[in-house]
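Read the structure below first, then the notes.
Please treat every number below as a calculation from the coordinates, not as lab data. Given the structure is predicted, the values throughout are model-derived calculations rather than measurements. For neighbour counting, all protein chains shown are included, and Cβ atoms are generated from backbone atoms with ideal geometry for every residue, glycine included.
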């Protein structure tokens, strides 16, 4: 019996190790294997274009700014495709929003598409919902901006007000969840992504109504717990970290940064310090969590999570703060002990030492980049930044040396994805795979 138990234990531990190694080789969530924006390994090309190092390019139906995923030899894409069928909407819904959000009168098909990473051929295309989007979106947004996640066995496709759908890799819907209708500030549209850890998936439902953090069982789609939040709209994605052997779920939002007990949903610590309209995710490395926002102000802070308990505002748990040139829409990139971030939504790059907060360089102009909404991606001490018509490749480290300016005939709000030696770019019209 003892031998049998040892064998089973070995299989479970060895299996978990294999699964972790597999996950680290792919891009299973929208900010990569460690949720830092950096690939752990890989060597995609530095130079590429429509005619150089292009393995394949495929036109996509509809519109979606969700960052694609890569698992093994498959690429997962979300999109929203308008039909010719008109729906019925309440035109008064957005009447009080002075920024005139983009609305639609056409029913959309919300699709999950699985593509062969080797040659770009479609494996299957699944419509998980077919309905009229009632919410407006920003003119630069889409109705499929929430990125999915995967554990290699299932695909968790999140379409915000359309719900969360669990599919297998054959395209079968195993379960689905409806969270109701979101009411984002100024009808800016949805775009926050779920976060997957172990057998839980976390959905942050922050809007101009009742706000929640959902902890959901990946096997059943049922709630493990739901935490009510005193919040307003945010677009940030939660992050799970381990602190002294226990897991915490960290969320960033306007009123409070909060950390929840992974098992119970109870708040462990919290603090103020972010601006309005929080979009960047928390990032984490070596016991420190970094939080940023950049709408009508600048905020970036580093928190020692081992010291954090209760209200940590102004406490020694906050290691340092930096209140200049922080990002609004793009996320922070944490790579090799350095934090890289763009100023608001434009082409000025800063870099700080992650542990000390010391400035490595600040507000370096990226030539040819004016406005951008995608996030920087890192690998092999290189930084990939996708904007309209071009993808910059910079050398990481103490100086922002431009290694290449690559012309690509598309616009990009989805962030670059690295898997092995492949660079995956999802544009407005097409998806690209570059590799030498």
| Dimensionless Rg over Rh [the range 336-406; C-alpha; Kirkwood] | 0.93
| For the range 376-436, how big is the tail of P(r) above 18 Å, as a whole percent of Cα pairs? | 28
| For the range 311-388, what is the relative contact order in percent, using Cα pairs closer than 8 Å and at least 6 residues apart in sequence? | 25
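Fewest Cβ neighbours within 10 Å first, please rank 274, 301 accordingly.
Values: 274 26, 301 20.
Arranged by neighbour count, lowest to highest, 274, 301 become 301, 274.
222 nm [θ] for the chain, helices only, -39500 (n - 2.57) per DSSP H run of 4+, per residue, to 500? List each step's numbers first, then the result.
Details: 1 runs with 24 residues, N = 436.
Helix contribution divided over all residues of the chain: -2000 deg cm²/dmol.
Largest first and in whole Å, what are the equivalent-ellipsoid semi-axes of the range 216-272 based on the Cα gyration tensor, each being the root of 5 times an eigenvalue?
Numbers: eigenvalues 72, 48, 20 Å².
In descending order, the three semi-axes are 19, 15, 10 Å.
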| request: Report the dimensions of the range 325-367 along its three principal axes from the alpha-carbon atoms, largest first, rounded to Å. | output: 25, 17, 15
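Starting from the Kirkwood Rh over alpha-carbon pairs, what translational D in µm² s⁻¹ does the range 100-157 have by Stokes-Einstein at 20 °C and 1.002 mPa s? Intermediate results must be reported in sequence, preceding the final value.
On the way: Rh = 13.5 Å.
Rounded to a whole number, D works out at 159 µm²/s.
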| request: Averaged over every viewing direction, what's the projected area of the C-alpha convex hull for the range 298-421? Give it in nm², one decimal, please. | output: 8.3
| Whether the range 136-252 is rounded, prolate or oblate, judged on the alpha carbon gyration tensor where a/c under 1.5 counts as rounded | oblate
| query | So between residue 315 and residue 140, what do we pick up on full extension, going 0.36 nm a residue minus the alpha carbon distance? | reply | 59.1 nm
| task | Just rank 104, 264, 67, fewest to most, by other beta-carbon atoms within 10 angstrom. | result | 264, 104, 67
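Arrange 41, 89 by Cβ neighbour counts within 10 Å, fewest through most, would you? Working shown, then result.
Details: 41 13, 89 16.
Lowest count first: 41, 89.
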| For the range 202-307, taking Cα atoms only, what is the radius of gyration to one decimal and the Dmax to the nearest whole Å? | 13.3, 41
| Relative pair counts by distance (%), Cα atoms of the chain, 10 Å bins | 4, 22, 33, 27, 11, 2, 0, 0
| Per the Kirkwood definition applied to all pairs of different Cα atoms, how many angstroms is the hydrodynamic radius of the range 22-156? | 16.9
| remark: Restricting to Cα pairs under 8 Å and 6 or more apart, the percent relative contact order of the chain works out to 15
| task | Once you've got the GNM for the chain with C-alpha springs shorter than 10 Å, pick whichever of 184, 246, 222 has the biggest mean-square fluctuation. | result | 246
| For the range 231-385, rounded, prolate or oblate, judged on the Cα gyration tensor with a ≥ b ≥ c (square roots of eigenvalues), a/c < 1.5 rounded, else prolate if a/b > b/c? | prolate
